[in-house]
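What follows is a short report on a single structure.
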Amino acid sequence: MRILLLSDIHGNKHGLQAALDAAGRVDRIVCLGDVVGYGAFPNECCEILRGLDAVCLSGNHDAAALNLISIEWFNDVATEAILWTRKQLSPENHAWLSSLPGERAFPEERFQAVHASLRSPWEEYILNKKIALQSFERMEQPLCFYGHTHVADLYWTRQEDVQKTPQPPIEYAAFPTGGGVEMEEGELYLLNPGSCGQPRDGNPDARFALFETEDRIVDVFCVEYDTHAARRAIIEAGLPRLLGDRLLTGQ
Ligand code: ZN
């Protein structure tokens with residue numbers, strides 16, 4: 001089975017469509033959450049994913065748009081975008097987003113998926129090996145996809161070491177221009193496909209990953225899209241200009 005992984009779309013239909021087009025034919029789409037928030041097309045992004053029968057998780061911005069979590073800790077521009085998104089969401093898309101879980105397991109294909117981390121599915125940023133260890137200790141499958149940081153990267157370690165030692169050696173690789181991994185038995189992998197709608201690693205391209213479940217291979221891809229159109233729509237919608245400008249630089 002070939003699975004397309006998407007994360008952190010954030011209402012950017014241009015980025016989403018570019019990733020879908022570049023990915024081509026897939027057997028299943030798994031989206032790791034934050035479908036809305038920041039971008040000008042929250043309803044369109046929900047509808048595209050619903051139309052493709054994507055298996056979707058809910059992210060912290062989705063939860064905030066539904067008023068399920070407090071926006072006290074959001075910065076000013078994120079708060080403004082959430083308040084705008086709340087007003088935009090159609091009842092159907094509101095109901096669909098409300099039905100999504102923060103994490104999910106796929107035992108047949110031997111992987112898990114979570115928006116932020118297995119310790120805290122909506123909040124924790126996996127930004128270093130120490131934090132990654134907290135998720136490794138909670139993994140029930142050899143592979144877990146996560147999002148939330150908007151950076152495509154990979155942590156891996158030996159399952160045996162995680163069980164035996166309090167500080168197992170953990171490896172790390174970032175994929176600012178794409179990359180991938182051929183997984184080996186006995187290892188645990190935490191992989192972030194990167195953000196489809198608001199990358200933050202200095203490369204403005206939309207990101208996605210393809211997982212070949214039989215071969216146990218994941219590849220991360222970057223695809224150019226019309227960042228200017230996405231930016232223009234944000235400004236025309238009356239959203240903070242910064243949210244459009246950052247799409248041009250991938251920051
Ligand atoms: Zn996000």
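Just to be sure, is ASP153 acidic (Asp, Glu) and open to solvent by less than 20 Å² (accessible area, probe 1.4 Å)? Yes; evaluated as a whole, the condition is true for this residue. Residues that are touching a residue at least 40 places away in the same chain (Cβ under 8 Å) and of a type in the set (Gly, Ala, Ser) within the range 49-74 comprise ALA54, SER58, GLY59, ALA63, listed in sequence order. Scanning the range 53-104 for residues that are open to solvent by 20 Å² or more (accessible area, probe 1.4 Å) and in contact with a strand residue (DSSP E or B) (Cβ under 6 Å, 6 or more places away or on another chain) returns VAL55, LEU100, GLU103, ARG104. MET183 fulfils the conditions (1) within 19 Å of the chain's Cα centre (by Cα); (2) crowded, with 16+ Cβ neighbours inside 10 Å; (3) free of Cβ contacts under 8 Å to residues at least 60 places away in the same chain; (4) within 25 Å of PRO107 (Cβ to Cβ) except for a single criterion, (1).
Being of a type in the set (S, T, N, Q) and touching a Lys or Arg at 6+ places or on another chain (Cβ under 7 Å) is the filter; apply it to the range 113-145 and report the residue that is surrounded by the most Cβ atoms within 10 Å (Cβ to Cβ). So, considering only residues that are of a type in the set (S, T, N, Q) and touching a Lys or Arg at 6+ places or on another chain (Cβ under 7 Å), the one surrounded by the most Cβ atoms within 10 Å (Cβ to Cβ) is SER135. Filtered by the rule that a residue be in a strand (DSSP E or B) and either closer than 18 Å to LEU57 by Cα or within 16 Å of the ligand (Cβ to nearest atom) (or both), the range 117-160 gives LEU143, CYS144, PHE145, ASP153.
The values are calculated or read from the model by the stated rules, or taken from the named source; none is laboratory data. Owing to the predicted nature of the structure, the values given are computational and were not obtained by experimental measurement. With ideal geometry, Cβ positions are generated from the backbone for all residues, glycine too; neighbour counts draw on all protein chains shown. Note: accessible area is taken over every heavy atom of the protein model, side chains too, but ligands, DNA and RNA are not part of it. Shrake-Rupley method; radii C 1.70, N 1.55, O 1.52, S 1.80 Å.
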